[in-house]
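The block underneath contains the structure these notes are about, expressed in structure tokens.
The values are calculated or read from the model by the stated rules, or taken from the named source; none is laboratory data. All values derive from a computational prediction rather than experimental measurement. Positions of Cβ are backbone-derived with ideal geometry, glycine not excepted, and every protein chain shown enters the neighbour counts. Calculation scope for accessible area: heavy atoms of the full protein, side chains included, ligands and nucleic acids excluded. Shrake-Rupley method; radii C 1.70, N 1.55, O 1.52, S 1.80 Å.
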Amino acid sequence: MTATAASQAAPARQMWPLYAAGFTTAFGAHGIAANLGGFSGDAVTSLMVLGGLLALYDGAEVLLKPVFGTLADRIGARPVLLGGLVAFAAASAVYAIADSPGWLWAARLGQGAAASAFSPSASALVARLNPAAKHGRAFGSYGFYKSIGYTLGPLLGGVLVWAGGLRLLFVVLAVLGAAVAAWAALAVPALPPLPKTRQTVLDLARRLADPAFLGPTGALAAATAALSVGVDFLPVSGRAAGLGTVATGAAVSVLAACAALVQPRAGRALDDGRLTTRTGITAGLLTAAVGFACAMFPGPVGVLTSAALIGIGTGLITPLGFAALAASTPTERLGQTMGAAELGRELGDAGGPLLVAAVATLTTLTHGYATLAVLLAAGATLGLVHRRSGTA
């Protein structure tokens, strides 16, 4: 990058395709996942099959995101971004053309592998194309459009499946992936990989064990766990309180809307010096913890208040966590770091609901919420202790 580029934010035309890539991975994951069970009886013949199809996508991401993140550092993030988007379009087209249960498994595996390539590459490019002083805004905007994808996925995906079956949704995803790939090819500049010193496995282990990596990554995993639990279990609480499907859907929409709206504002506050990453992440963890405490109270007020607070908390954590990772990572290792951080988020996405479900099975859902609230508050307390002790 030139000296001018290093001091100024990237032009909007370069950033929009990256935001679109974030939207694509979120929309594709949630749009299909939310509609597999209800609209694909020929392919999803049991709950076990449904669980396998859902796990296939997430499993590919868990295994491959660190790999593709490292590859992005080696050959450049742009080729990995473009290759992932093209592969996503091709995997989606497989089921759109074949329309058979066997090819649905192949398509979901391909989509997960492709998202593993373009998601961390997009995050790395967001960091490289913007100076450190603008990382908050950049990651806030990236998180905003990704949250829009999470929100619209189940809704718009449901409309598409209702209108033309699951096959139509895959057609739309194929077109979306191809369009974003073409857009990125035209607008995103080719940034050559930076020279780097040789890194041993021990060097990598030390860097990933550094608090500068573990702290933000742990916070991102906690935020993703809180978001997943809120989306998955607040509707259960709403139904138990006598709310209808519209009201429970509104609660999830409130959560997603708050998360989306807070992220750009948190990013701007970080860049303007009105907020630090440690203070913002701690506040986000505490806010989400209070949100789950509110979920323990029966009735619509508890559900809606919980949804709003969980959304605000996760919206605070996400852009600040990524900005903190970008600030503490050598530029030539951004892809590897973002891939590893995305792995942490995937583990939180799976681990949060599993934890709450396990506790709820043994006791009640209220106790599950309480357990997660305590863990989030403990994370915030640990951050406060480190801040007072002056450690990183």
Quiz item: Just checking, how many residues over region 295-326 are farther than 17 Å from F139 by Cα, touching a residue at least 12 places away in the same chain (Cβ under 8 Å) and in a helix (DSSP H, G or I)?
Solution: 11
Exercise. Would you confirm whether any residue within region 218-238 is of a type in the set (A, V, I, L, M, F, W, C), under 17 Å from L309 (Cβ atoms), open to solvent by 40 Å² or more (accessible area, probe 1.4 Å) and modelled with pLDDT under 95?
Key: yes
Quiz item: Of all residues in region 358-385, which are in contact (Cβ under 8 Å) with a residue 60 or more places away in the chain and within 23 Å of the chain's Cα centre (by Cα)?
Solution: G368, Y369, L372, A373, V374, L375, L376, A377, G379, A380, G383
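Being β-branched (V, I, T) and open to solvent by 20 Å² or more (accessible area, probe 1.4 Å) is the filter here; which residues of region 305-328 pass it?
Selection gives T305, I312.
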Quiz item: Among L82, L104, L109, which is the only one that is without any contact (Cβ under 8 Å) to a residue 60 or more places away in the chain and of a type in the set (A, V, I, L, M)?
Solution: L109
Self-check item: Only listed residue being part of a helix (DSSP H, G or I), open to solvent by 10 Å² or more (accessible area, probe 1.4 Å) and not basic (K, R), chosen from A260, A283
Solution: A283
Quiz item: Checking L129 against (1) touching a Leu at 6+ places or on another chain (Cβ under 9 Å); (2) closer than 14 Å to G267 by Cβ, which single condition isn't satisfied?
Solution: (2)
